[in-house]
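One structure is given here, and the rest of the page talks about it.
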Amino acid sequence: MLLTEIRRNQKLAAKRNPMYDRNRFAKFLIYLFTAFWAAYLILIGVTLPIAFEEGFPTMEPYDVLNACLSGFLFIDFLLRFLFPTPTQQIKPYLLLPIKKQQLINVLLVQVGLKAFNLFWLFFFVPFAAMTVVRFYGVTGVVCYALGIWLLMVANAYWSVLVRTLQRRHIAWVLLPVGCYVLLAVGGFFYSYVGDFSMALGEALIQGKILAYLGILVVIALLAFLNSRVQMACIYSELNRREKMPQVKHAGRYRFLNRFGLTGEYMKLELKMIFRNKAPRKNFQMMTVVIVLFALSLLGLSHAGEEEFFGLHLYVVYCFTGYAISILSRIMAYEGNYLDGLLMHRGSLLYLFRAKYYVYCLLLVIPLVCMLPALIWGGTSVLLVFSQLVYTAGVTLPVIMMLALVNRKTAPLDASLMGKGQWNSPFQMLAVAFAFFVPMALCRILLFWMELSTAYMVCTLLGVPGIMLHPLWCKLLYRKVFQKRHSLMEDLRETR
């Protein structure tokens, strides 16, 4: 069977990867991190019904949760941007005597059968066991779990469709933006979205066949659209012609000349971001996301303490966006031309300093985007300032430490069927650190101190990293230079 053969080939490809032996400990940490979040979701699922009963005494807890299903689907949609699309996975099979349509269909089936589609059940099943079982018994819990799984499968196909289209052209990002803006308007100003999701959730609990058939029809429609779009992308990729790059404005960034060699490497970093397809796409996509998140702060600025998590999440994501999407591939992009970088002994030191300065300067973009929320929305200035300093002093140095473990070259001009974006599990751990630790740290500090004092502590944590950046950049350079021979070997093997 083609599905089992492809799955077996994928496992063999993972074992034959040069980074397989080095990534075992990181994979263990990933599994540990996943187990932690599964336990955390179970804990929330058990305790949340009590909060709903106190906050909404006239409604059943499962009705309150069902009214927020669109929010869970949106979070799930964002998380799926970490996964590759079927178009990226089909490249090794193009020369085999197998129909491309059949290959696409098998890879789409894999999307629907991914274990990640079951991950949210760690939250929904304990929640249903605390609330649904009283009225509908175990059958209601099983029916509800089945319905949630089907919704996540539909969301998986929707995510694959959006990611494939936006990789072809950045303008396609307007499709999900328009859909979620309409959902947000319908949820905040009207009750249509909440009423529909509440009715759908109750129908799933009651095991009504029409509700399941409706979701299956949506899944079939999205799978059909994905099949057509993926095929069109494959033929477009196979028939495209490489355009010769035209170098324009060779004298750009002249203002950096005053910084000597560091300025020259800053020019190199900026040209890498804006001239090459892969980093440019990441930069454009992340800029759109940062603008949307910054605008979302206007709606959360006047919210109470119960909205603290959402407010903090948006601010943290705005500041860490560029570091997560581009800087986390440090040494992976440079693997394409590392031979030239190592011709001079101190070149990597200048490169690391330049990278740090460039990404500190890029923090100005989210800061400017958040000015409307600061001026008119009432967002805390201390919150924004603390996360700005924390990102520059803690998050950026931690992500730059990936230079020690990133040993897989990433293509600068990646196509739709290019290599996957993750260099190693260590990269995923660093991204998780950058995204979740600031929120967890601030939450922990709030147990012992006031909100403004917690923000000041976060600010003070970032100051040493900024002041001592020449020292830790030099230490990072020495560690990488000591491993330069093995690093060169691994990066050459994965070009």
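Before moving on, here are some points about what is shown:
- Considering MET370, MET400, MET417, the condition of being more than 18 Å from CYS458 (Cα to Cα) and at pLDDT below 85 is satisfied by MET417 alone.
- Hits in the range 47-76 - residues which are assigned to a helix (DSSP H, G or I) and among the hydrophobic types (A, V, I, L, M, F, W, C): LEU48, ILE50, ALA51, PHE52, VAL64, LEU65, ALA67, LEU69, PHE72, LEU73, PHE74, ILE75
- Residue pairs meeting the criteria (Cβ under 9 Å; at least 6 apart or on separate chains; first surrounded by fewer than 18 Cβ atoms within 10 Å (Cβ to Cβ), in the range 411-435; second among the small types (Gly, Ala, Ser) and at pLDDT below 55): PRO411/GLY418
- Scope the range 176-204; condition modelled with pLDDT of 75 or more and polar (S, T, N, Q); matching residues: SER197
- Beta carbons closer than 7 Å, at least 6 apart along the sequence or on distinct chains, pair a first residue in the range 345-360 that is open to solvent by 10 Å² or more (accessible area, probe 1.4 Å) with a second that is among the aromatic types (Phe, Trp, Tyr) and assigned to a helix (DSSP H, G or I) for LEU349/TYR477; TYR350/TYR265.
- Within the range 137-191, restricting attention to residues that are among the β-branched types (Val, Ile, Thr) and closer than 30 Å to ARG280 by Cα, the residue that is surrounded by the most Cβ atoms within 10 Å (Cβ to Cβ) is VAL160.
- Contacts under 7 angstrom Cβ, first residue in the range 276-294 being at negative phi, partner open to solvent by 30 Å² or more (accessible area, probe 1.4 Å) and among the aromatic types (Phe, Trp, Tyr), 6 or more apart: ARG280/PHE274; PHE293/TYR314; PHE293/TYR317
- Whether a residue is among the basic types (Lys, Arg), under 29 Å from the mean Cα position of the chain (by Cα) and modelled with pLDDT of 85 or more was assessed, and ARG228 passes this test.
- Qualifying position, being surrounded by fewer than 18 Cβ atoms within 10 Å (Cβ to Cβ), out of contact with any Asp or Glu (no Cβ under 7 Å at 6 or more places or on another chain) and part of a helix (DSSP H, G or I), among VAL389, VAL398, VAL384: VAL398
- Selection from the range 245-273 of residues that are under 21 Å from ARG167 (Cα atoms), touching a helix residue (DSSP H, G or I) at 6+ places or on another chain (Cβ under 8 Å) and either surrounded by 14 or more Cβ atoms within 10 Å (Cβ to Cβ) or modelled with pLDDT of 85 or more (or both): MET272, ILE273
- Subset of the range 343-371 that is hydrophobic (A, V, I, L, M, F, W, C) and not in a helix (DSSP H, G or I) - its residue that is farthest from VAL315 (Cα to Cα): MET343
- Check on VAL437, under 18 Å from LEU79 (Cα atoms) and either modelled with pLDDT of 80 or more or among the acidic types (Asp, Glu) (or both): yes
- Among (1) surrounded by 17 or more Cβ atoms within 10 Å (Cβ to Cβ); (2) within 21 Å of ALA220 (Cβ to Cβ); (3) under 25 Å from the mean Cα position of the chain (by Cα) - the single one ALA203 does not satisfy: (3)
- Residue selected from the range 64-99 under the condition at pLDDT below 75 and either open to solvent by less than 40 Å² (accessible area, probe 1.4 Å) or basic (Lys, Arg) (or both), by the criterion nearest to VAL162 (Cα to Cα): THR85
The values are calculated or read from the model by the stated rules, or taken from the named source; none is laboratory data. This one's a predicted model, so the numbers in the text were calculated from it and none came from an experiment. Glycine also receives a Cβ, built like all others from the backbone with ideal geometry; neighbour counts cover every protein chain displayed. To get the accessible areas, we keep the full protein, side chains included, count just its heavy atoms, and leave off ligands, DNA and RNA. Shrake-Rupley method; radii C 1.70, N 1.55, O 1.52, S 1.80 Å.
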